[in-house]
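Structure record follows, encoded as structure tokens.
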Amino acid sequence: MRRKIAMLLCASMAIGLLAGCGGSSEESKASESKEEKGADTSDKDSGEKVKLTFWKSPHSDREDDIWAGMIEDFNKENPDIEVEFLNVAWDSVVEKETAAFSAGSGPDISFQTEQFPLYAKNGYLLSLDDYADEKKLSGYPESALEYCSHDGKLMGIPFVALNSVMFYNKDMFEEAGVTKVPETWEELREAAKKLTQDKDGDGETDQWGMMYEMDDYWQPLSYIIQAGADMWNKNLTNIGFNNEQGVEGLTFFDQLYHEDQVVLPLEKYTNKDEERSYFYNGQVAMFPQQIHYTNIIKEASDINLGAFALPAGPASDEEHAKWNFANIGMLSISSQTKYPDEAWKFVEYITRPEVEKIYLSEVGFFSPQLATNDMMYEGDEIMAVAAEGIKKLQVSPASDYANAMLQNLKIMYENVARGEKSPADSIQAMYDSMKAISGE
Amino acid sequence: MNKRRIKEYAVSYSFLLPFAVFFITFTIIPIGYVFYLSLHDGNFLQAQFDWVGLKNFKDVLQTPDFQNAFKNTFIYMLIEVPVSQFLGIFFALLIKKKTRFGHVCEVIYFLPMLISMVVASVLISYILSNNGPLNMLFQVLGMKPISWLNGRFSAKMAVMILELWKGGTFFVFVYMSAMRSLPADCLESSRIDGANVVQETIYVVLPLIRNAIILCVTMNTIWQFQIFESVYMLTNGGPLGATQTVIYEIYQYSFKYYRVGFGAAASLVFLLVILLIYGLENLLLREKDKTRRRGKKNEQI
């Protein structure tokens, strides 16, 4: 009898395990989603709130608070919609979105940047052509709408625009006798040399002309592009700077590090906070970064902060010579959403000039709707420097391989900054690595 | 086969059934799926994968990143396994006697096992940062601060220290339990014969806890091949790939670079390597067992 009971228990455990693992077939998925949709529609009909999820990676320490306020305002206008905001860290956003989209549970609304073609190509983003009418799109420059499109379909509404400037410590410039902000590479070298000093006379440098944040992959790239190279190859699958111009640009970066020794050395810091503290404490004079760092720097230190446009490179055309990293972030709707109309209501609301400026001015961004920018940063000397560049809004194309590009750019800079490889070998290594990833 | 025999078989197999279902569902099927992925190219966002045959395996063996990751993983294994076993036995010898001091040490040794790897990594990265307490101590002592996580060698050391501290304490407890269960008469007779502590440890204790050593070495070898969180949290594989491990690279290629087939092929190659090393370890230990048994047989004759 005991034996029979034990056997029965074992059999029921096995069946339980099997049952627990079951239910993943397409048929059951489809019927499940149908049932869910039915239930959701009935929820809508019965007057219950529609719940939307919105994922965005942070550009500010106050990201959650800013969105809480904006969502509250949206809810006042749309009491039947509830938006849940999720702050997804930058270093894991691609993995999380990929996992969520492929599992059929992607966010209804998401903030997308240069990686979006991967989702668009595989049908995870909703085309907004049917929602965004001419009036809505009239405020955006053609280049912004082109950037946000894939295969001729609009995949998101441009929400933020940014570019890069060189932040500098005005007092350090004055003290070192640098009276004019550098406008060319040579002037930058000269200024950086003057600003690099051994203040206490112990034979070791304790003030540097510049620093580069290694996690911000884009800034040293400006030298490569300013020398006349392109970021991507024609198919957007590998780098476009595996050539003479690319080597010239990276050699300039190498010269700043090793020949002139004007850049804060890597061994001086182990993380972003340690590195930034050198700028905040007046030990580094210049720091190329994206414009929204204005607020971050101002909050963290009381240095006499200024900004100027990145010095121009030797490229023959102005577009290359004055290149600085600029980008657009957009709000997209998932093709998996059960509530596309409600999701659009949210996107449309957030991208209204008077609403988006709340977020943009808090964080320190510009709007891709150029008219909105006139309502912000009046009299702000630093933002005025960036605003000039924003008007042109030259954005590098988005690609499936943007994430791979970012990871490998960091390795390329490190190879040069640590003196492990020559600029030419570093670029070749990056090209090989990208080829191993993309096959081209 | 008579009815009774069939009944006996049915009973035996029914007891195996829950585990068999579990094993097939969570081990055999996933390995089969990984094998399927390794012959295809694509990412999890695509509806269909493209057949590429053995191309992914060829790429894995030719990619410098993976060669570097394999090399690093072996370095971790070759250094960590002997060091953690030596330290495990050493500390177990210190606390094997049930004294008050021993109990306090047990609690101290047990603490790292209670902390998650993420927390431990954050803690270690703070301690080793340029402005961290370790460098502050160096400065107080008049020494130059070291940028631990910036040097190729020191970053590797940092990962190893974290792994040793976090995982190594487990072995102290395994060895301590093995030592505490040793027959007291063996130890007594060795002392009567005039053996000192070192002789007693080498000639009596270690041979008697041989099975525990085999278990710990095998487990530690496999764990060392699986290093991921410490690298991800502490160094992100840097500087310049100095701390990259195979699992970290598999993660990078599968989830950051969207080459799922490549990651799957690398997993299978790695699985094969682990199985080979495990088989080699087993073969060597079994050989020793056989030799010993043969010796005993001769003695009896």
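Every number in this text was worked out from the coordinates using simple rules, so none of it is lab data. Please read all numbers here as calculations on a predicted model, not as lab measurements. With ideal geometry, Cβ positions are generated from the backbone for all residues, glycine too; neighbour counts draw on all protein chains shown.
To make sure I understand the rule: partners must be lysines, Cα under 16 Å from the Cα of B:Lys71, and not fewer than 8 residues away in the same chain. Which ones qualify? Partners found: B:Lys156. Here the spin labels are modelled as points 7 Å beyond Cα on the Cα-Cβ line, and at A:Lys170 and B:Ile202 they lie 7.5 nm apart. The share of alpha-carbon pairs in the protein assembly as shown lying farther apart than 43 Å comes to 41%.
Helical content of the protein assembly as shown, expressed as a calculated mean residue ellipticity at 222 nm, amounts to -18000 deg cm²/dmol (DSSP H runs of 4 or more residues, -39,500 (n - 2.57) each, divided by residue number, nearest 500).
Show which aspartates and glutamates lie in cross-link reach of B:Lys55 when reach means a straight Cα distance below 17 angstrom and same-chain residues fewer than eight apart are skipped. Within the straight-line cut-off, B:Lys55 pairs with A:Asp432, A:Glu440, B:Asp41, B:Asp65.
Order by neighbour count: A:Glu48, A:Glu114, A:Glu356, B:Glu200, fewest other Cβ atoms within 10 Å first, most last.
Fewest-to-most Cβ neighbours within 10 Å comes out as A:Glu48, B:Glu200, A:Glu114, A:Glu356.
Compute the acute angle (0 to 90°) between the alpha-carbon long axis of helix A:2-21 and the principal axis of greatest extent of the alpha-carbon atoms of chain A; round to the nearest 10°. Once rounded, one gets 50 degrees. Each semi-axis of the equivalent ellipsoid for the range B:1-86 is √(5λ) with λ an eigenvalue of the Cα gyration tensor; in descending order they amount to 40, 26, 11 Å. Among A:Val178, A:Val160, A:Val416, the residue with the largest mean-square fluctuation in a Gaussian network model of chain A, with springs joining Cα atoms closer than 10 Å, is A:Val178.
Applying 1/(1 + (r/R0)^6) with r as the Cβ-Cβ distance of A:Lys193 and B:Met136 and R0 = 35 angstrom yields a FRET efficiency of 0.60. When the Gaussian network model of chain B links Cα atoms closer than 10 Å, the mean-square fluctuations of B:Lys156, B:Lys256, B:Lys98 top out at B:Lys98. Close amide H pairs (under 5 Å, H built 1.01 Å from N) link A:Ala307 with A:Tyr168, residues at least 5 positions away or on another chain. If the segment from B:Lys71 to B:Lys144 were pulled out straight at 0.36 nm per residue, it would be longer than the present Cα-Cα gap by 23.2 nm. For A:Val83, nonlocal amide neighbours, meaning residues 5 or more places apart or on other chains whose placed amide H falls under 5 Å from its own, are A:Leu52.
May I ask which of A:Lys194/B:Lys256; A:Lys96/A:Lys135; A:Lys56/B:Lys256; A:Lys322/A:Lys410 have a Cα-Cα span longer than 30 Å here? Those over the limit are A:Lys194/B:Lys256; A:Lys96/A:Lys135. Rg/Rh for the range B:48-300 (Cα atoms only, Rh after Kirkwood) is 1.06. Spin-label model, A:Asp65 to A:Ala99: label points 7 Å out along the Cα-to-beta-carbon direction sit 3.0 nm apart. Considering only A:Gly177, A:Gly313, A:Gly104, the mean-square fluctuation computed in a Gaussian network model of chain A, springs between alpha carbons under 10 angstrom, is largest for A:Gly177. The residues A:Trp323, A:Trp185, when put in order of fewest to most other Cβ atoms within 10 Å, stand as A:Trp185, A:Trp323. For the residue pairs A:Lys421/B:Lys166; A:Lys345/A:Lys391; A:Lys193/A:Lys234; A:Lys298/B:Lys166, the alpha carbons lie more than 32 Å apart in A:Lys421/B:Lys166; A:Lys193/A:Lys234; A:Lys298/B:Lys166.
FRET efficiency for the B:Leu276 to B:Lys58 pair, using the beta carbon distance and R₀ = 22 Å, is estimated at 0.65.
For chain A, the longest principal axis of the C-alpha atoms and the axis of helix A:353-363 are separated by about 60°. Sorting B:Trp51, A:Trp218 from the fewest to the most surrounding beta carbons within 10 angstrom yields B:Trp51, A:Trp218.
Using 0.36 nm per residue, how much length does the chain from B:Leu284 to B:Ala47 gain when fully extended, once their Cα-Cα distance is taken away? Mind dumping the intermediate values first?
Details: separation 237, 0.36 × 237 = 85.32 nm, distance 4.70 nm.
Result: 80.6 nm gained on full extension.
As a rough guide to protection, the peptides A:88-94, A:221-227 ranked by mean Cβ packing within 10 Å, highest first, stand as A:221-227, A:88-94.
Per residue of B:36-48, other chain Cβ atoms within 10 Å of the residue Cβ number 3 on average. Two tests apply to each whole DSSP H helix in chain B, Cα reach of 20 Å or more along its axis and mean Kyte-Doolittle hydropathy of at least -0.5, and the ones passing both are B:3-23, B:64-95, B:100-114, B:152-167, B:210-225, B:260-300. Shielding of peptide B:248-260 by partners, expressed as the average count of other chain Cβ atoms within 10 Å per residue Cβ, is 4.
For the range B:155-273, calculate the relative contact order in percent as a whole number, restricting contacts to Cα pairs under 8 Å that are 6 or more residues apart.
Relative CO of the range B:155-273 lands at 24 percent.
Note: chain A, Cα convex hull, 211 Å³ per residue. Remark: mean inter-chain Cβ contacts per residue of A:121-132 equal 1, using a 10 Å Cβ-Cβ cutoff to other protein chain atoms.
In a fully extended conformation the segment linking A:Ser92 and A:Asp151 would gain 18.5 nm over its present Cα-Cα distance, using 0.36 nm per residue.
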